[in-house]
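A.B. asks: Have a look at this one before I ask anything.
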Amino acid sequence: MLVLWMCLLYGVAAVPQDSPAQLAGQANAESLSLEEEARNFLNELDGRDSEECSAVSFASWNYDSDITEKHKAEKAAAQLTHAAWEKEAWQRVRKWNGRWEALTDPFLRRQFKFRSILGTAALDKPELEKYNSLETDMSTIYSTAKICDYHKHKMCNLTLEPDLTRTLRTSRDYDELAHVWKQWRYNSGRRIRDHYRLFVNIANKAAKLNGFDNMGDMWLYPYESETFRQDVAGLWEQLKPLYQQLHAYVRRKLREKYGSQHISKRGPIPAHLLGNMWSQSWGEIYDLLIPYPGKTSVDVTPNMKNQGYTPRKMFELSEEFFVSLNLTRMPPEFWEHSIIEKPKGRDLICHASAWDFCNGKDFRIKQCTDVTMTDLITVHHEMGHIEYYLQYEHQPLVFRSGANPGFHEAVGDVLALSVATPKHLKKIGLLESVEEDDEADVNYLMSIALDKIAFLPFGYLMDLWRWGVFSGETKEENWNCAWWDLRYKLQGIKPPVKRSEYDFDPGAKYHIPANVPYIRYFVSFVVQFQFHKALCMKAGEYDPLDPSKPLHKCDIYQSTEAGNALGDMLQLGSSKPWPDALEALTGTRRMDASIIREYFKPLEVWLTENNERHQEFVGWEGENDFCSSDSPARHEPVGEPSAATALSPGMLVLALMALLFRQSLQ
């Protein structure tokens, strides 16, 4: 009555109150309406996303597979067009701020969350043009670099792939290997440094526009973890003892080959002797390191060549493995458009890469394949990317990526762990017999460790260095020496000649000029063993209680149960946080390096005993004086410089000053 009287007194009509049920119904209807509106909005963006992504992908492919000024200009134009669309889409998404957070569908909320980060498209047009131009120019310098032959100094047309890679794999001449190592860095990294200095500044500006302190922090966003850096550091500490045992053994064997005048008993290993341009994997010198030489070799390269293997056959073999797991065949477009051998008569970016053209049917690989077991493993790695693309192609484009970047790198490597087993190589006719004894096991595990364990510190330090560069903790005047400080501390290696800040050795590795984050590979090497263990148990190939079924002998070939479990995880893409995807396959939500130690346990026991028997010092010590900021004149590489060694203006000034200084002393 009081309410009615007040309403009559002030001339206001009484309003009947809605019941709680009616209020709940209205809220539910509003929520459903909002979700329907959001879903339609995101679907509209996704359709345009795919079109724009296809256009820039095709332009990038044309340039990377045929480096010409025409293709360079077309790629630059396509990048700007794509960036303009990304910025437009981002601005439209921002209008949903304050609304999308109320969505009850986690699938929709996650799309908005991912779309809230614009990336480098946040730069204004002139700076974005400069950013793209610098990245393209650095990649071009890297991909077109050529050096002179060690024996024929005037023949200066040797490329990284296949020439230098073959030399590092096959030569055992200390001085020839030093020549290749030095000249590659002279003609690639050194010419990239000035570009990289400008690039870092613009990259950091893009990161700040996205709300991050620097580009290194923005790179870590997909891992969705506040403790990621600490987690990775902990994983490395977990793995370091095994790496140090392997390092000690390898150092002794190389000292036996090259002499104590080149390799000390307690110091780091010279970087050019490990069979790889960056000392990131050591499998190519397995012939020098094999524990029991009398056993059947697990390097089937000679058998591949004797049986007439071609790059095409290597890719078909990889596809057949995926199909045996009940996974998807390559579409016709893959075989029609992929580049799997180095074409003649043109420059291209030979670094192996897998491509998704965002249209649901066109997937390709570009690889200058050589008929070797190493490249057979690389083929499976790249095909793993394609299989991942095929499995999640039904997802919105924003989720067409790995659960985290390391997952994408791990898929093909998981299969390669099966492919490399002696019993699988026998099954496909590349080995005549399999020796079942402890010595054969140690040989096999050594061959795998020279790739997997040797890689771990390099996989960690690449981005550890860049995090310091992007944050400013590593000053520009110390870039190269900071690089060698990490390589000494983590890898226990040293350069064959003293380095200076005139050099830029990080730039001699593809992922630096191409601006590809690298910690994904370290993550991959950890989670792939977690994947492998889970798949092996599903395939009935591994039983921790059965000594006859050790993890390192597992081959999941033809196991549809393992394949279906893998496929279920791959289909998620990044639509769920990576711990969810990891848990779905392995039952755990954390990265765990103990599986690697479990896999290599027989080898670790053998290495420890072998090093103790030979009284080999485990670890490395000595003064780290491999890099300085003094004049580079006395560190120049031997041999005639190639036509690709044009100096930047800054380099030219320094060179002239050094020349005048030397003349003044005469």
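The values are calculated or read from the model by the stated rules, or taken from the named source; none is laboratory data. Remember, predicted model here, so these are calculated numbers, not experimental data. Cβ atoms come from the backbone with ideal geometry, glycine included; neighbour counts cover every protein chain shown. Just so you know, the surface numbers come from the protein's heavy atoms only, side chains and all, with ligands and any DNA or RNA stripped out. Shrake-Rupley method; radii C 1.70, N 1.55, O 1.52, S 1.80 Å.
A.B. asks: From the residues in the stretch 197-244 that are among the β-branched types (Val, Ile, Thr) and under 16 Å from Arg590 (Cα atoms), which one is most open to solvent (accessible area, probe 1.4 Å)?
C.D. replies: Within the stretch 197-244, the match that is most open to solvent (accessible area, probe 1.4 Å) is Thr227.
A.B. asks: Right, here's the next one. Please go through the stretch 80-110 and give me each residue that is open to solvent by 40 Å² or more (accessible area, probe 1.4 Å), within 21 Å of Phe41 (Cβ to Cβ) and of a type in the set (Val, Ile, Thr), ordered by number.
C.D. replies: Of everything in the stretch 80-110, just one residue is open to solvent by 40 Å² or more (accessible area, probe 1.4 Å), within 21 Å of Phe41 (Cβ to Cβ) and of a type in the set (Val, Ile, Thr), namely Thr104.
A.B. asks: With the structure loaded, tell me whether Glu333 is closer than 24 Å to Gln558 by Cβ and open to solvent by 30 Å² or more (accessible area, probe 1.4 Å) or whether it fails that test.
C.D. replies: For Glu333, the condition - closer than 24 Å to Gln558 by Cβ and open to solvent by 30 Å² or more (accessible area, probe 1.4 Å) - is not met.
A.B. asks: Would you check which residues across the stretch 377-400 are surrounded by fewer than 23 Cβ atoms within 10 Å (Cβ to Cβ) and touching a His at 6+ places or on another chain (Cβ under 7 Å) and list them?
C.D. replies: Matches in the stretch 377-400: His385 only.
A.B. asks: With respect to Lys113, is the statement that it is out of contact with any Lys or Arg (no Cβ under 8 Å at 6 or more places or on another chain), open to solvent by 50 Å² or more (accessible area, probe 1.4 Å) and assigned to a helix (DSSP H, G or I) true?
C.D. replies: Considered against the rule, which asks whether it is out of contact with any Lys or Arg (no Cβ under 8 Å at 6 or more places or on another chain), open to solvent by 50 Å² or more (accessible area, probe 1.4 Å) and assigned to a helix (DSSP H, G or I), Lys113 comes out as yes.
A.B. asks: Same structure, new question: Give the stretch 147-179 a look and list any residue that's assigned to a loop (DSSP other than H, G, I, E, B) and open to solvent by less than 50 Å² (accessible area, probe 1.4 Å), or say none.
C.D. replies: Scanning the stretch 147-179 gives Cys148, Asp149, Cys156, Thr159, Ser171.
A.B. asks: Taking the stretch 37-83 as the search range and keeping residues that are of a type in the set (Gly, Ala, Ser) and free of Cβ contacts under 8 Å to residues at least 40 places away in the same chain, which one is farthest from Pro343 (Cα to Cα)?
C.D. replies: The residue in question is Gly47.
A.B. asks: Right, Asp194: open to solvent by 40 Å² or more (accessible area, probe 1.4 Å) and either modelled with pLDDT under 95 or under 23 Å from Tyr502 (Cα atoms) (or both) or not?
C.D. replies: Against the criterion (open to solvent by 40 Å² or more (accessible area, probe 1.4 Å) and either modelled with pLDDT under 95 or under 23 Å from Tyr502 (Cα atoms) (or both)), Asp194 qualifies.
A.B. asks: Still on this structure: Any residue that is under 28 Å from Arg109 (Cβ atoms) and without any contact (Cβ under 8 Å) to a residue 40 or more places away in the chain - is there at least one of those in the stretch 508-522?
C.D. replies: Here is the first cut: in the stretch 508-522, the residues under 28 Å from Arg109 (Cβ atoms) are 517, 519-520.
Of the ones still in play, those that are also without any contact (Cβ under 8 Å) to a residue 40 or more places away in the chain are none.
No - not one qualifying residue is present in the stretch 508-522.
A.B. asks: Do any helices (runs of 4 or more DSSP H) lying entirely in the stretch 517-630 carry at least 3 residues that are within 30 Å of His394 (Cβ to Cβ) and either under 24 Å from the mean Cα position of the chain (by Cα) or modelled with pLDDT of 95 or more (or both), and which ones are they?
C.D. replies: On the way: elements: 519-538, 560-570, 578-586, 594-599, 601-613.
Passing ranges, in order: 519-538, 560-570, 578-586.
A.B. asks: Out of the residues in the stretch 261-306 meeting the condition of being hydrophobic (A, V, I, L, M, F, W, C) and modelled with pLDDT under 95, tell me which one is nearest to Met373 (Cα to Cα).
C.D. replies: Step by step, filter the stretch 261-306, then rank; the result is Val300.
To keep it simple, each residue is scored yes or no on (1) among the basic types (Lys, Arg); (2) touching a helix residue (DSSP H, G or I) at 6+ places or on another chain (Cβ under 7 Å); (3) open to solvent by 40 Å² or more (accessible area, probe 1.4 Å).
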site	(1), (2), (3)
Ile556	no, yes, no
Asp568	no, yes, yes
Gln571	no, yes, yes
Pro577	no, no, yes
Asp580	no, no, yes
Leu607	no, yes, no
Asn611	no, yes, no
Val618	no, yes, yes
Cys627	no, yes, no
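A.B. asks: Tally time: how many residues in the stretch 68-79 are open to solvent by 40 Å² or more (accessible area, probe 1.4 Å) and closer than 17 Å to Cys53 by Cα?
C.D. replies: Here is the first cut: in the stretch 68-79, the residues open to solvent by 40 Å² or more (accessible area, probe 1.4 Å) are 68-70, 72-74, 76-77.
Next cut, closer than 17 Å to Cys53 by Cα only: 74, 76-77.
Matching residues across the stretch 68-79 total 3.
A.B. asks: I need a count of the residues in the stretch 299-336 that are over 27 Å from Leu566 (Cα atoms) and touching a residue at least 12 places away in the same chain (Cβ under 8 Å).
C.D. replies: 9
A.B. asks: Filter the stretch 537-577 for residues that are farther than 21 Å from Ile428 by Cα and in contact with a His (Cβ under 8 Å, 6 or more places away or on another chain) and give the result.
C.D. replies: Gln571
A.B. asks: Still on this model: Going residue by residue through the stretch 53-66, is there one that turns out to be open to solvent by 20 Å² or more (accessible area, probe 1.4 Å), part of a helix (DSSP H, G or I) and closer than 17 Å to Phe114 by Cβ?
C.D. replies: Yes, the conditions are met somewhere in the stretch 53-66.
A.B. asks: Can you pull out the residues in the stretch 252-277 that are open to solvent by 30 Å² or more (accessible area, probe 1.4 Å) and not acidic (Asp, Glu)?
C.D. replies: Answer for the stretch 252-277, where residues must be open to solvent by 30 Å² or more (accessible area, probe 1.4 Å) and not acidic (Asp, Glu): Lys253, Arg255, Lys257, Ser260, Gln261, His262, Ser264, Lys265, Arg266.
A.B. asks: Continuing with this model, one more query. Looking at the stretch 296-305, can you tell me whether even one residue there is surrounded by fewer than 16 Cβ atoms within 10 Å (Cβ to Cβ), in contact with a helix residue (DSSP H, G or I) (Cβ under 6 Å, 6 or more places away or on another chain) and polar (S, T, N, Q)?
C.D. replies: No, because not a single residue in the stretch 296-305 is surrounded by fewer than 16 Cβ atoms within 10 Å (Cβ to Cβ), in contact with a helix residue (DSSP H, G or I) (Cβ under 6 Å, 6 or more places away or on another chain) and polar (S, T, N, Q).
A.B. asks: Quick check: is even one residue across the stretch 362-375 under 30 Å from Glu51 (Cβ atoms), open to solvent by 10 Å² or more (accessible area, probe 1.4 Å) and not in a loop (DSSP other than H, G, I, E, B)?
C.D. replies: So far as the stretch 362-375 goes, yes, one or more of its residues are under 30 Å from Glu51 (Cβ atoms), open to solvent by 10 Å² or more (accessible area, probe 1.4 Å) and not in a loop (DSSP other than H, G, I, E, B).
A.B. asks: May I pose another question? What are the residues in the stretch 104-147 that are in contact (Cβ under 8 Å) with a residue 60 or more places away in the chain and among the polar types (S, T, N, Q), if any?
C.D. replies: Thr104, Gln111, Thr120, Thr136, Ser139, Thr140, Ser143, Thr144
A.B. asks: While we're on this one: Is it the case that some residue within the stretch 497-510 is among the basic types (Lys, Arg), part of a loop (DSSP other than H, G, I, E, B) and over 21 Å from the mean Cα position of the chain (by Cα)?
C.D. replies: Yes: one or more hits.
A.B. asks: Has the stretch 528-545 got any residue that is closer than 24 Å to Met462 by Cβ, aliphatic (A, V, I, L, M) and surrounded by 20 or more Cβ atoms within 10 Å (Cβ to Cβ)?
C.D. replies: No - not one qualifying residue is present in the stretch 528-545.
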